[in-house]
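Structure record follows, encoded as structure tokens.
The values are calculated or read from the model by the stated rules, or taken from the named source; none is laboratory data. Nothing here was measured: the structure is a model prediction, and the numbers come from that model. Cβ: placed from backbone, ideal geometry, glycine included. Neighbour counts: every protein chain shown. Areas reflect the complete protein model, heavy atoms only, side chains present, ligands, DNA and RNA absent. Shrake-Rupley method; radii C 1.70, N 1.55, O 1.52, S 1.80 Å.
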Amino acid sequence: MNILTWLTEPFAYGFMSNALTVALAAALVCSVLSCWLVLMGWALMGDAISHAVLPGVAISYLVGVPFAVGALAFGLGAVFLIGALRSTTSLKSDTAIGVVFTALFALGLAIVSKTPSEVDLGHILFGNVLGVTMPDLVQVCVLAVLTLSVLLYLRKDLMLLAFDKVHAHALGINTRALNFLLLGLLALTVVTSLQAMGIILVVAMLIIPGATAFLWTRSFGRMLMLAAGLGVASAVCGLYVSYYLDVSASAAIVLAQASFFAVTYLAAPEQGMIARARLRGAA
Amino acid sequence: MSVIQVQDLTVSYGALKALDGVDFSVDAGELCGLVGVNGSGKSTLFKSLMGLVSPKRGSVRLFGHDQLRARKQGLITYVPQAEDVDWTFPVSVRDVVMMGRYGHMGRSRRPAAADRAAVDDALERVALTDLAHRQIGQLSGGQKKRTFVARGIAQEAELMLLDEPFAGVDVTSEKLIMNLLTTLTTEGRTILMSTHDLAGVPTFCTQAILLHHSVLASGAPAAVLTESNLAQAFGGPRQEEK
């Protein structure tokens, strides 16, 4: 078999080309957003919102509405609850996050366990990128384009929010609204990526591309592009590995990202271990 | 017209009164030093001027407007303390100075030729042109401060608030920054800076305010920083600021 057939063969199947589209859309949105999550210190928030959508997804399947509707409702609900807990108690924010997302996740599990035949828990938790239907595909693409457009259009303001809230405030920018917007975009992104990654692994895509890009560059613009490139590359690599080695697709995608991160950790130009060791040796 | 007009300003955090009936005003072109011990309410006063805390009582007027309107007109800039900045953030000196221009740009903050020119000018004035593309974490303490002062210059802010500008700055940089601030005030800008550095205040400042939850004295530095006033400000029981 020559290399070209090796590369094109998987995507001759409809389910594989659908999987590629959905995985690419998810990877792109997640990677771009991950730059902000890494810089804002919101990794746990990403994990929380992805877990908190479980009851929403389960209810959507039960009542027969698109899963994005329920997931988004619970994602935003979790944001609201966490914000409310933080502003009305003196609990630290990771505590507030921990209380809310575990409770919602448990609620989701309870709903699923009462109705095991209607909902496939495995697919929700670990993704089902190979079983994407046409309506799913459309849903994911619309959400991805919407989220990505808002992120990129407001990227300067959102960067300022992450870097210097007080300056944003000094310029008369409504930082509270901007903060909620970013949380809303996080919820949308989680919903977009649910099909490809599942609730458990979506957080990998929300953190690793941004973290990897952060180690490579000291420019925000380059960080965005690099993260997007890494996200897309890992989605493609992951699907090949999944097809030829018969490995879970979401697992393969995350493992590809983790490999990129590991290489970066060692070999990044200034912040990598090798460069640092060399610097110490020279000094 | 006063640039800053504060009347009966009272701010409390729970039971703790950080500011209690603070009254003072600062006129255009003054370089005003805000002096007080840690926990005397200096940071809270800055937050009140910026509209980041809501007062229990009293009022803040900036350029005769409420602070929101003054902010929306881009009249105020704030130079943060070094420890409040994430120095690992992937932005260059030039990126930070460009943030001063956001108020002059459209929603997507795309810089026009005028914005780039203003940034070039500001960088030149603080002598950072050569370091414009350096990531901010790779600067010295003085260069870091100058970066944020340049942002205020590029913003064309009329009022600059500096929180402890000389903490972690070497003596040479301190002189350079003081000279720069003096020049900025002679051009009509107004500067309020909090400082521990009592020695520098009479030399450089045209006004001093001695704060200990309320204003103990305000006016010409020599008249404010008298021995008995300082004893009152620095000898009193300390309260930790929240």
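What to note about this one:
- Peptides ranked, highest mean first, by Cβ atoms within 10 Å: ranges A:191-197, A:220-226: A:191-197, A:220-226
- Across segment B:178-185, computed HN-Hα scalar couplings (Karplus, 6.51 cos²θ - 1.76 cosθ + 1.60, θ = phi - 60°) run 4, 4, 4, 5, 4, 4, 4, 6 Hz from first to last residue, x flagging Gly and Pro.
- Take chain A with all the other protein chains still there, run a 1.4 Å probe, and you get 43 Å² of accessible area per residue.
- Computed over the Cα atoms of segment A:139-283, pair by distinct pair, the Kirkwood hydrodynamic radius stands at 17.0 angstrom.
- Residue B:56-residue B:107 pseudo-label distance in nm [points 7 Å out on the Cα-to-Cβ vector]: 4.2 nm
- Summed buried accessible area for A+B [probe radius 1.4 Å, Å², rounded to 100]: 2400 Å²
- Partner chain coverage, peptide B:85-94 - average Cβ within 10 angstrom: 5
- When the residues A:94, B:115, A:47 are ordered by accessible surface, computed with a 1.4 Å probe over the protein chains alone, the sequence from largest down reads A:94, A:47, B:115.
- Geometric extent, Cα atoms of the protein assembly as shown - Rg, Dmax (angstrom): 27.0, 92
- Rel. contact order, % - alpha carbon contacts under 8 angstrom, at least six apart, segment B:88-242: 18 percent
- For chain A, hydrophobic long helices are taken as DSSP H runs at least 15 Å long by C-alpha position along their axis with mean Kyte-Doolittle hydropathy of 0.0 or more; these are A:14-40, A:67-88, A:93-114, A:134-153, A:175-216, A:220-245, A:249-267.
- For segment B:147-200: accessible area per residue (Å², 1.4 Å): 33 Å²
- Residue-averaged 222 nm ellipticity for the protein assembly as shown, from DSSP H runs of 4+ at -39500 (n - 2.57), nearest 500: -19500 deg cm²/dmol
- Prolate/oblate/rounded label for segment A:23-172 (Cα gyration tensor, a/c 1.5): oblate
- Where A:180, A:105 fall by accessible area, highest first, once all protein chains stay in place (1.4 Å): A:180, A:105
- Computed Kirkwood radius, in angstrom, where 1/r is averaged over Cα pairs of segment A:110-202: 15.4 Å
- Accessible area (Å², 1.4 Å probe, nearest 10) - residue B:187: 100 Å²
- Accessible-area composition of segment A:173-224, carbon plus sulfur, in percent [1.4 Å probe]: 66 percent
- Solvent-accessible area of residue B:87 with every protein chain in place, 1.4 Å probe, in Å² to the nearest 10: 50 Å²
- Residue B:134-residue B:172 pseudo-label distance in nm [points 7 Å out on the Cα-to-Cβ vector]: 1.2 nm
- Across B:42/B:175; A:92/B:175; A:165/B:17, pairs whose alpha-carbon gap is larger than 31 Å: A:92/B:175
- Applying 1/(1 + (r/R0)^6) with R0 = 51 Å to the Cβ-Cβ distance of residue A:106 and residue B:226 gives a FRET efficiency near 0.20.
- Helix B:141-155 vs. chain B, principal-axis angle (Cα, 0 to 90°, nearest 10): 80 degrees
- Full-stretch length increase - residue A:200, residue A:63 - with 0.36 nm per residue and alpha-carbon distance subtracted: 47.0 nm
- Tail beyond 28 Å, pair distance distribution of chain A (Cα, percent): 39 percent
- Normalised convex hull volume, segment B:130-242, alpha-carbon set, Å³ per residue: 138 Å³
- Simple point charges give the picture: +1 on the Cβ of Lys and Arg, -1 on the Cβ of Asp and Glu, and for the protein assembly as shown a dipole about the Cα centre of about 220 debye.
- Model label sites at residue A:145 and residue B:127, defined 7 Å from Cα along the beta-carbon direction, differ in position by 5.5 nm.
- Annotation: for a label point projected 7 angstrom from Cα along Cα→Cβ of residue A:8, residues of segment A:221-242 with backbone N closer than 18 Å are A:240.
- Longest to shortest principal axis, alpha-carbon extents of segment A:63-140, angstrom: 46, 28, 22
- Estimated from the Cβ-Cβ distance and a Förster radius of 25 angstrom, the FRET efficiency linking residue A:152 and residue A:87 is about 0.25.
- Local electrostatic count, residue A:99, Cβ distance below 12 Å [Lys/Arg +1, Asp/Glu -1]: +1
- For chain B, the longest principal axis of the alpha carbon atoms and the long axis of helix B:113-125 meet at an angle near 60°.
- Counting only the Cα atoms, chain B fills a convex hull of 129 Å³ per residue.
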